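K.L.:
Following this message is one structure expressed as structure tokens.
Every read-out reported here was derived from the displayed coordinates using simple, explicitly stated rules and does not represent laboratory data. As the structure is a prediction and not an experimental result, all values here were calculated from the model. A quick note on method: Cβ atoms are made from the backbone with ideal geometry, for glycine too, and the neighbour counts reach across all protein chains shown.
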Amino acid sequence: MSKIKRDWDPLSKERRAGLLREIITYFKTSHDQDIGMLAAEDILDFFLQSIGNDLYRKAIHDTKNVVKQNAENLDVDLDLLIHT
């Protein structure tokens, strides 16, 4: 496995190594094709670069919605305290 830490790669070394093993196993079991570590790294890097920003934006959007809902719930709770 490459020792280069890519700026855009959010994965820990352990998670990256596990995913590389999974990619290699997937190609072996699903396609009866042996690929090496370099090919697995290329595949992983391709997908991280291709969809990484989309996943990040989705996570931010989901987080904003949770925070918004929690703020609305807090507002209701505070109003209830005022009127009791």
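K.L.:
Report the FRET efficiency, 1/(1 + (r/R0)^6), for SER12 and LEU81, where r is their Cβ-Cβ distance and R0 is 41 Å, rounded to 0.05. Could you put the intermediate results ahead of the total?
P.N.:
Details: r = 43 Å, r/R0 = 1.06.
Calculated transfer efficiency: 0.40.
K.L.:
Same structure again: Pull out the extension gain between ASN73 and LEU55, defined as 0.36 nm times the separation in residues minus the alpha carbon to alpha carbon distance; nm, one decimal.
P.N.:
Values: separation 18, 0.36 × 18 = 6.48 nm, distance 2.70 nm.
Gain on stretching ASN73 to LEU55: 3.8 nm.
K.L.:
Whole-Hz ³J(HN,Hα) for each residue in the range 25-35, computed from phi via Karplus 6.51 cos²θ - 1.76 cosθ + 1.60 with θ = phi - 60°, x for glycine and proline: what do you get?
P.N.:
Values per residue, Gly and Pro as x: 5, 4, 5, 5, 7, 8, 10, 6, 10, 8, 10 Hz.
K.L.:
Show me the three semi-axes of the equivalent ellipsoid for the range 8-84, from the C-alpha gyration tensor (sqrt of 5 times each eigenvalue), largest first, rounded to whole Å. Don't jump to the answer; show the numbers that get you there.
P.N.:
On the way: eigenvalues 409, 30, 21 Å².
Semi-axis lengths for the range 8-84 are 45, 12, 10 Å.
K.L.:
For the pair LEU38/THR25, report the inter-label distance in nm, with labels modelled 7 Å from Cα in the Cβ direction.
P.N.:
Taking the simple label geometry, LEU38 and THR25 are separated by 2.5 nm.
K.L.:
So what are the ³J(HN,Hα) numbers for the range 41-54, from phi and the Karplus equation (6.51, -1.76, 1.60; θ = phi - 60°), rounded to whole Hz, Gly and Pro as x?
P.N.:
Result, ordered by residue: 4, 4, 5, 4, 4, 4, 6, 4, 6, 6, 10, x, 5, 5 Hz.
K.L.:
Continuing with this model, one more query. Relative contact order for the chain: what is it in percent, counting Cα pairs under 8 Å that are at least 6 residues apart?
P.N.:
Numbers: 23 pairs, mean separation 19.6, N = 84.
Computed over the chain, the figure is 23 percent.
K.L.:
Looking at the chain, which chymotrypsin sites (Phe, Trp or Tyr not before Pro) are in a loop (DSSP not H, G, I, E or B) and have at most 11 other Cβ atoms within 10 Å?
P.N.:
On the way: sites: TRP8, TYR26, PHE27, PHE46, PHE47, TYR56; in loops: TRP8.
Within the chain, the qualifying chymotrypsin sites (Phe, Trp or Tyr not before Pro) (loop, at most 11 other Cβ atoms within 10 Å) are TRP8.
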